[in-house]
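Data block below; observations after.
The values are calculated or read from the model by the stated rules, or taken from the named source; none is laboratory data. Everything numeric in this text was worked out from a predicted model, so none of it was measured. Don't worry about glycine lacking a Cβ; one is built from the backbone with ideal geometry, like all the others, and counts go over all protein chains shown.
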């Protein structure tokens, strides 16, 4: 018996199931798998296993189930809540899906793509484009995150307003259950009313009920016309008013609508090279807007111009920069995408991923900013996010020159203020990042006893021995 409590015989069986190419057991090689993206959680494991097929995943889970060994599934390890790394006990086996990266099928007529869980999101997007189709899930980590992880956390991103969250983009799943049995639900049907919709149990479950190994994904027509603009706003309420007008006047062609506070841009200009301010003047509030249509001649630029002109007359809209080329469009999006990286350069940050109804976004932004400024006058509120679906990334940046660890010790107080406000507005303390370990106590604090009991019942039914990503979510 090893120091992990796992017998050497079991370890050897696990290694044999994936072969030498699928086994990582040296401390140096395992390090990147055992530390989370934000470096908040550091785990231990006797080995990392990298199966190359669903059959190999099934064998691994069956071996672990028989031995009562905890299993931590991992995709691109881009989780922001510690959901993809093992705990510190060293008794859990990490299963990386990275070798399962085949696109099994593309059906342009049915507008579907079937991909294995380890496919990098950007590669799925590229494969869809090659078939003259669009897979719309898009987020900052798309060059490294994997579709299995995206589905397990019900990822959101910048296109939720038009296309929905990750769960809305799935027709079928293949899942390895907690005893090693494989459920093949890879159906490409848009109508299938044959009992419970089983796939929904695993979408957003963070690997606590089973391991997603493949999925049938929805595709869409490639936009033939796109209009992108960054608009300076009078106040936060002007953002939601602008969104409503654009949706109405464009025939609901708004694909993305991002709010950005000036504090975010100041961080970007200060810490990221080669990025300049597209405006001649400083403003406090901005919206990054994108309209798209699957046909040419939609005249989206005309719609934007008309709405902007009306907003200028009322004083709600102050200025605008409209992209006249693809390179200019990418430059505008580059400002938005650079914010998280700029935050890293600026020091430690206490982050929150909350959502409220779109109509209450201004109320949240104004009251949340007031609460944090009063409690932490030296720190800086960094607010940005997907206002189109009510999802705000509401962060507090360390004061310049402060001790990072001392600042981080304030995190529970900061988080309670932010989460209490979001929930008081009938919102959520976790919009798109999931629960993992980081927000587990919040789940129990804000969810009702009935909801927690239902979740526990589902967990017991599908994972009676508690081996699937133990310690996460519940």
Item to complete: Count, please, the residues in region 307-336 that happen to be without any contact (Cβ under 8 Å) to a residue 60 or more places away in the chain and closer than 20 Å to residue 235 by Cα.
Response: 4
Discussion item. Considering only residues that are closer than 25 Å to residue 23 by Cβ and surrounded by 23 or more Cβ atoms within 10 Å (Cβ to Cβ), which ones fall in region 101-131?
Written reply: 115, 116, 117, 118, 119
Worksheet item: Is it the case that region 147-161 has a residue that's under 21 Å from residue 435 (Cα atoms) and surrounded by fewer than 19 Cβ atoms within 10 Å (Cβ to Cβ)?
Response: no
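Specify the residue that is nearest to residue 241 (Cα to Cα); the eligible residues are those in region 316-327 that are touching a strand residue (DSSP E or B) at 6+ places or on another chain (Cβ under 8 Å) and outside any loop (DSSP other than H, G, I, E, B).
Once the filter is applied, the top-ranked residue is 317.
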Practice prompt. For residues that are touching a helix residue (DSSP H, G or I) at 6+ places or on another chain (Cβ under 8 Å) and closer than 17 Å to residue 157 by Cα, scanning just region 362-385, find the one that is surrounded by the most Cβ atoms within 10 Å (Cβ to Cβ).
Written response: 383
Practice prompt. Given the conditions (1) over 21 Å from the mean Cα position of the chain (by Cα); (2) within 15 Å of residue 261 (Cα to Cα); (3) modelled with pLDDT under 95, report the number of the one that residue 387 does not fulfil.
Written response: (1)
Worksheet item: Which ranges mark the helices (runs of 4 or more DSSP H) fully within region 397-474 that have 2 or more residues being in contact with a strand residue (DSSP E or B) (Cβ under 7 Å, 6 or more places away or on another chain) and not assigned by TED's automatic domain parsing to the domain that holds residue 208?
Response: 411-424
Item to complete: For residue 134, indicate whether it is over 25 Å from residue 15 (Cα atoms), in contact with a strand residue (DSSP E or B) (Cβ under 6 Å, 6 or more places away or on another chain), crowded, with 24+ Cβ neighbours inside 10 Å and touching a residue at least 40 places away in the same chain (Cβ under 8 Å).
Response: no
Worksheet entry | Qualifying residue in region 355-370 (condition: in contact with a strand residue (DSSP E or B) (Cβ under 8 Å, 6 or more places away or on another chain) and in a strand (DSSP E or B)) | yes
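Table: residues versus (1) more than 23 Å from residue 107 (Cα to Cα); (2) under 23 Å from the mean Cα position of the chain (by Cα).
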residue	(1), (2)
133	no, yes
139	yes, yes
148	no, yes
171	no, yes
176	yes, yes
192	no, no
195	yes, no
204	yes, yes
Fill in: Only one of 96, 79 that is modelled with pLDDT of 95 or more and under 26 Å from residue 155 (Cα atoms)
96
Worksheet item: Can you name the residue in region 232-276 that is part of a strand (DSSP E or B) and either more than 25 Å from the chain's Cα centre (by Cα) or on the phi > 0 side of the Ramachandran plot (or both) and is also surrounded by the most Cβ atoms within 10 Å (Cβ to Cβ) among such residues?
Response: 233
Discussion item. Can you confirm whether residue 96 is surrounded by 22 or more Cβ atoms within 10 Å (Cβ to Cβ) and either in contact (Cβ under 8 Å) with a residue 40 or more places away in the chain or in contact with a helix residue (DSSP H, G or I) (Cβ under 7 Å, 6 or more places away or on another chain) (or both)?
Written reply: yes
Practice prompt. Inspect region 158-177 for any residue being over 17 Å from residue 118 (Cα atoms), part of a strand (DSSP E or B) and in contact with a strand residue (DSSP E or B) (Cβ under 7 Å, 6 or more places away or on another chain) and give the result as yes or no.
Written response: yes
Worksheet item: Considering only residues of region 404-418 that are touching a helix residue (DSSP H, G or I) at 6+ places or on another chain (Cβ under 9 Å) and surrounded by 21 or more Cβ atoms within 10 Å (Cβ to Cβ), which is nearest to residue 345 (Cα to Cα)?
Response: 414
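Matching residues to (1) farther than 28 Å from residue 355 by Cβ; (2) modelled with pLDDT of 95 or more; (3) surrounded by 23 or more Cβ atoms within 10 Å (Cβ to Cβ); (4) not assigned by TED's automatic domain parsing to the domain that holds residue 86:
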residue: 141; (1), (2), (3), (4): no, no, no, yes
residue: 172; (1), (2), (3), (4): no, yes, no, yes
residue: 181; (1), (2), (3), (4): yes, yes, no, yes
residue: 186; (1), (2), (3), (4): yes, yes, no, yes
residue: 191; (1), (2), (3), (4): yes, yes, no, yes
residue: 213; (1), (2), (3), (4): yes, yes, yes, yes
